[in-house]
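Worksheet: one structure, shown below.
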2 protein chains.
Amino acid sequence: MKQSTLYTKTRKTLPKDEVARNAQLLLKAGFLHKEMAGVYSYLPLGLRVLKKIEAIIREEINSIGGQELFMSALQDPEIWRKTDRWSDGAIDVWFKTREERFGLSNTHEEPITAQMSHHIQSYKDLPIYAYQFQTKFRNEPRAKSGLLRTKEFVMKDLYSFSANEDDLNKFYEIVKKAYMKIFNRVGLGQNTYLTFASGGPFSKYSHEFQTLCETGEDTIFLDKKKKIAINKEVMNQAVLKDLGINKKDLKEEKAIEVGNIFKLGTKFSKPLGLMYKDKQGREHPVVMGSYGIGLGRLMATVVEVSADDNGMIWPESIAPYKVHLIELKKGLGTELYKKLMQSNVEVLYDDRDASAGEKLKDADLIGTPLRLLVSEKTGNKVEVKKRNSKTSKFLTQNETIQESL
Amino acid sequence: MKQSTLYTKTRKTLPKDEVARNAQLLLKAGFLHKEMAGVYSYLPLGLRVLKKIEAIIREEINSIGGQELFMSALQDPEIWRKTDRWSDGAIDVWFKTREERFGLSNTHEEPITAQMSHHIQSYKDLPIYAYQFQTKFRNEPRAKSGLLRTKEFVMKDLYSFSANEDDLNKFYEIVKKAYMKIFNRVGLGQNTYLTFASGGPFSKYSHEFQTLCETGEDTIFLDKKKKIAINKEVMNQAVLKDLGINKKDLKEEKAIEVGNIFKLGTKFSKPLGLMYKDKQGREHPVVMGSYGIGLGRLMATVVEVSADDNGMIWPESIAPYKVHLIELKKGLGTELYKKLMQSNVEVLYDDRDASAGEKLKDADLIGTPLRLLVSEKTGNKVEVKKRNSKTSKFLTQNETIQESL
């Protein structure tokens with residue numbers, strides 16, 4: 001992509017009241033546009049990151065047997081009344097249309113449970129793992145954390161339908177592993193920990209995946225050796241004993257919740273009548289689990305934990321472009337750009353009429369993993385610098401292409 | 001995909017009041033789930049079709065310079081007040097949240113025009129072509145046409161920003177061609193005609209793309225030789241004269257609008273203050289166009305025009321799977337399935353415990369382009385039948401794979 005044709009520009013001024021680092025950088029670099037407090041649009045560079053995160057999650061969820069669907073955002077009050085969750089008392093972030101005629105999806109447990117009645121009759125129909133990427137709407141009162149807490153966001157939500165608790169437990173463990181793969185692939189693996197959080201009527205605990213980050217809203221107690229954490233909300237002596245953890249091995253840390261998984265049991269299947277028949281023809285409620293990841297929040301977390309004073313630093317796996325080619329004199333980069341394109345390298349080519357200072361500043365802000373610089377000084381060589389490194393090296397065009405693959 | 005693991009089933013019973021053929025077939029075949037009147041969820045088979053349509057549109061719009069973004073569904077009443085379109089009088093299908101705090105996107109002209117103020121200052125920043133795939137919400141009073149008219153649907157909406165009318169006109173013609181390519185690729189090309197429809201303050205006409213179909217809601221007058229049609233709504237002597245069309249060459253037809261394009265001129269840029277400076281530093285309002293295609297409507301139209309009494313008939317380009325492999329005895333298809341997978345053929349493999357009659361009926365209903373049948377009767381051969389053909393042929397496994405590529 002030629003940067004001269006990319007319609008977005010980097011910005012110097014920011015919307016007022018934008019205090020979160022992720023939002024500041026993503027807005028400055030032209031990845032996002034702020035529509036209102038807690039509501040953002042994804043501009044081309046930001047959408048590329050979002051789509052790469054989506055593709056990674058899709059691959060991993062497909063690989064554990066997930067089947068993708070796409071449910072409506074408008075929801076029927078009737079099915080929410082059956083689970084007693086239609087009132088604002090039950091769910092305080094409901095967005096509803098005028099006269100409360102429709103709900104806007106804050107989650108999809110109710111509609112997917114209702115839907116499954118058409119597909120589940122017998123034990124032979126189980127298990128089913130169904131997921132989607134769809135927008136969630138939540139009327140968050142405090143939406144000041146950029147993409148970390150928004151009124152509208154795309155979530156990957158996976159729902160499992162099993163015949164019994166054993167099968168649910170087995171799949172739950174499989175999802176844990178798939179989630180860690182996802183966090184590894186987007187570059188958060190090293191700082192992300194399985195965290196015990198509050199359960200529900202069916203299960204003692206739910207599990208969160210918490211990424212250590214000073215700006216995080218959550219507080220966790222981490223046992224780094226055992227790679228286990230406990231959310232402050234549930235932390236007490238009984239829990240410590242239960243998990244066999246010694247209080248002195250724990251360190252209090254700030255963290256961002258990047259994923260959460262729940263054993264729902266029969267909480268939704270019972271009131272919505274989702275039953276199956278076993279081999280003997282006896283009826284049982286289906287045993288469910290739900291597993292969420294907010295894509296924008298993942299993106300924001302990567303920014304929060306990896307950016308430096310000059311801008312963002314994207315891991316290769318989700319960078320908007322792998323390579324940023326910068327020419328300091330008109331036309332100097334044309335040949336290399338063509339060669340990179342021919343080698344299928346994702347390259348942003350700064351061919352703009354702009355000063356060297358502006359180009360280098362923008363490149364650091366946008367944060368592609370590899371910066372290629374051609375100028376009169378570099379001659380036949382290319383100055384190759386990794387975004388997260390202070391040193392650069394001078395390579396021939398062919399070496400540069402090898403380095404960019 | 002093994003059909004035994006596909007979680008959806010074909011259905012015999014339909015929701016009450018579902019009269020549209022596209023909805024009946026898509027619901028029966030398990031492509032869709034009906035949430036409420038005019039609100040559908042896409043199940044795995046349906047989502048595959050939707051994603052293929054999306055990919056085709058993305059390719060064609062990228063190829064004419066479109067840059068993809070993703071705008072929010074929640075919209076700020078303030079910017080809609082500036083164009084006098086916030087009231088229900090101005091737009092009668094508005095969905096708004098309680099107390100009218102937010103609008104739900106029925107279209108995105110206002111927010112994208114407001115956004116562009118950050119990116120457009122000079123003539124050098126123009127033209128810009130920006131598009132997205134995003135949900136539109138429209139409170140349709142009569143939602144009885146299945147996917148043809150829904151309260152919630154994914155639209156590809158493209159917006160053009162040009163310096164003057166000439167540039168707009170040139171791009172408008174380019175879009176016309178790209179649209180015909182899209183309709184050709186999804187299998188509607190032969191029956192789809194450019195149709196003159198009502199314009200606005202800026203332009204005498206807008207253009208629709210109308211696909212001939214007996215169940216269509218629109219009435220058009222078609223000159224088949226000239227490949228031009230006129231929407232009944234604007235049909236009169238002056239228009240005929242204007243377009244140089246003779247009334248006796250016209251035939252009245254029913255049709256479905258599968259796309260529409262508008263020259264917006266300065267209708268939005270003026271009230272929202274989207275201005276640019278020309279070479280002499282003089283300010284002008286940006287000249288805009290908007291170009292829409294509803295993805296679900298396209299899908300429904302393909303069903304309406306191509307299905308037969310036994311079910312749907314998908315063109316290869318958007319079929320959920322290219323090949324439906326059916327075994328009439330357990331295990332007979334295993335080897336061929338493996339080979340097809342190794343050859344990267346998209347195959348749905350009916351390995352279910354079900355009767356021959358049920359399997360063949362479901363295959364016709366689902367409507368993949370090619371049906372492969374293996375049974376004790378076919379021996380070493382495979383019975384290969386196209387969905388839109390009455391005859392079949394017997395091929396070896398290798399010949400079958402060649403046929404499936």
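The values are calculated or read from the model by the stated rules, or taken from the named source; none is laboratory data. Treat the numbers as computed from the prediction; the structure is a model and nothing was measured. Because the Cβ atoms are built from the backbone with ideal geometry, glycine has one as well, and the counts that use them run over all protein chains shown.
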Does at least one position in the range B:96-105 carry a residue that is at pLDDT 95 or above, surrounded by 21 or more Cβ atoms within 10 Å (Cβ to Cβ), within 16 Å of B:Leu69 (Cβ to Cβ) and facing chain A (nearest Cβ under 10 Å)? no
All conditions in (1) of a type in the set (Gly, Ala, Ser); (2) in contact with a helix residue (DSSP H, G or I) (Cβ under 8 Å, 6 or more places away or on another chain); (3) touching a residue at least 40 places away in the same chain (Cβ under 8 Å) are true of A:Ser198 except (3)
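Could you say which residue among B:Ala23, B:Ala114 is touching a Gly at 6+ places or on another chain (Cβ under 8 Å), in contact (Cβ under 8 Å) with a residue 12 or more places away in the chain and not in a strand (DSSP E or B)? It would help to see each step written out before you state the result.
Numbers: B:Ala114 fails: touching a Gly at 6+ places or on another chain (Cβ under 8 Å).
Within the list B:Ala23, B:Ala114, the selection yields B:Ala23.
Just checking, how many residues over the range B:321-336 are touching a residue at least 40 places away in the same chain (Cβ under 8 Å) and either of a type in the set (S, T, N, Q) or buried (at least 23 other Cβ atoms within 10 Å of the Cβ) (or both)?
Final tally of qualifying residues: 5.
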Taking into account only those residues within the range B:109-161 that are of a type in the set (Asp, Glu) and within 11 Å of chain A (Cβ to nearest Cβ), which is surrounded by the fewest Cβ atoms within 10 Å (Cβ to Cβ)? B:Asp125
Of the conditions (1) part of a helix (DSSP H, G or I); (2) within 12 Å of chain A (Cβ to nearest Cβ), the single one that B:Ser72 does not satisfy is (1)
Under 8 Å between Cβ atoms, at least 6 apart or on separate chains: pull out the pairs that start in the range B:1-16 with a residue that is without any contact (Cβ under 8 Å) to a residue 12 or more places away in the chain and at positive phi and end on any residue that is in a loop (DSSP other than H, G, I, E, B) and hydroxyl-bearing (Ser, Thr, Tyr). none
Any chance A:Glu59 is within 11 Å of another protein chain (Cβ to nearest Cβ), free of Cβ contacts under 8 Å to residues at least 12 places away in the same chain and surrounded by fewer than 19 Cβ atoms within 10 Å (Cβ to Cβ): no
Looking at this structure, is B:Glu252 touching a Ser or Thr at 6+ places or on another chain (Cβ under 8 Å), assigned to a strand (DSSP E or B) and farther than 28 Å from B:Ile53 by Cα? yes
Hey, among the residues in the range A:10-44 that are charged (D, E, K, R) and more than 22 Å from A:Thr135 (Cα to Cα), which one's farthest from the other protein chains (Cβ to nearest Cβ)? A:Arg21
Contact list, first residue from the range A:280-296 and without any contact (Cβ under 8 Å) to a residue 60 or more places away in the chain, second anywhere and of a type in the set (A, V, I, L, M) and buried (at least 18 other Cβ atoms within 10 Å of the Cβ), beta-carbon distance below 9 Å, six or more apart or interchain, is A:Pro285/A:Leu274
Subset of the range B:342-377 [assigned to a strand (DSSP E or B), under 29 Å from the mean Cα position of the chain (by Cα) and closer than 10 Å to B:Leu328 by Cα]: B:Asp350
Flagged in the range B:379-393 as closer than 16 Å to B:Gly367 by Cα, surrounded by 14 or more Cβ atoms within 10 Å (Cβ to Cβ) and without any contact (Cβ under 8 Å) to a residue 40 or more places away in the chain, in numbering order, are B:Val384, B:Lys385, B:Lys386, B:Ser392
